[in-house]
Amino acid sequence: DGQRFLFLEWSESNPKARALFVGTLGKKEVTRLMDADSNAVYANGRLFYQQGRTLMARPFDVNTLAFTGDPVTVAQNVPKAGGEVGSFAVSAGGTLIYRSGEQQIPARQLTWYDRAGARQPAGETATVPGPFRLSPDGTKIAFSDSTGGGDIWTYDLQRNIRTRLTTDPAPDHHPVWSPDGTQIAFDR
C-alpha cells in the first residue's frame, strides 16, 4: 500500500533480540511479526525470509498482519551477506532470484529459472559482485559493488547494461527499490 514497510531489528551481541517488524510511515507503533535472523520480502501473499541458510516462504495477510499458514522451504544453502542480509530478492510480481553456495564468491552469474524449474540464461554478462535486489517489474537489479568503491549500481537484465548510481567516497550498501521501481533507498 506504499505506507507499510518491513524491517529487521538486529543485534550483533544479542541474537535473542533479532526480530522482524512491520511499521507504518508517520506512526511510531510497530508490529512484531517473528524472531528473525535475516531480512524479509513480501510478494504475492507470502513473506520470504531466511532461517540460517534456508530460504523460506510463508503465507501472510497484509490486512491483519498475521501469518495464514505454515512456512515452506524454497531453497537450501543460501548464504547471507554481512550476517543478516539474505542473498535473495523477490519482485512485486513474484519473480524470485537467489544465490546458493558459498558466501565468498567474488561475482555471481545470474540465472533465471522458469516456473517448471528449467534453467534460462539471464544474459551473457549478468554478473553482480554484491547483495542485490530485483526491481518490482523484474527487469533490473540494484546492488552494492564493494570492489568499485562501495557504490550502488543497477544492472538492466534486458539490455545487459550496468549503471553506477552513486559516486560519493563513503561506501553505500543494501539498496532497496521503491514499490513503483522509480527510486532506490540505501544505507551508508
Cβ pairs under 6 Å, 6+ apart or interchain, first in region 6-17 and in contact (Cβ under 8 Å) with a residue 60 or more places away in the chain, second surrounded by 10 or more Cβ atoms within 10 Å (Cβ to Cβ) and assigned to a strand (DSSP E or B), ordered by first then second residue, are L8/L20
How many residues of region 127-174 are in a loop (DSSP other than H, G, I, E, B), within 18 Å of D187 (Cβ to Cβ), open to solvent by 30 Å² or more (accessible area, probe 1.4 Å) and modelled with pLDDT of 85 or more? The answer is 2
Just the residues that are part of a loop (DSSP other than H, G, I, E, B) and open to solvent by 50 Å² or more (accessible area, probe 1.4 Å), please, taken from region 44-92. N44, R53, N63, T64, T68, D70, P71, Q76, N77, G82, A92
Every residue from region 94-122 that is closer than 13 Å to F132 by Cα and either at pLDDT below 80 or touching a His at 6+ places or on another chain (Cβ under 6 Å) (or both): A107, R108, Q109, L110
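The values are calculated or read from the model by the stated rules, or taken from the named source; none is laboratory data. Since we're looking at a predicted model, the values are computed, not measured. Glycine also receives a Cβ, built like all others from the backbone with ideal geometry; neighbour counts cover every protein chain displayed. Surface areas here come from the heavy atoms of the whole protein model, side chains and all, with no ligands, DNA or RNA. Shrake-Rupley method; radii C 1.70, N 1.55, O 1.52, S 1.80 Å.
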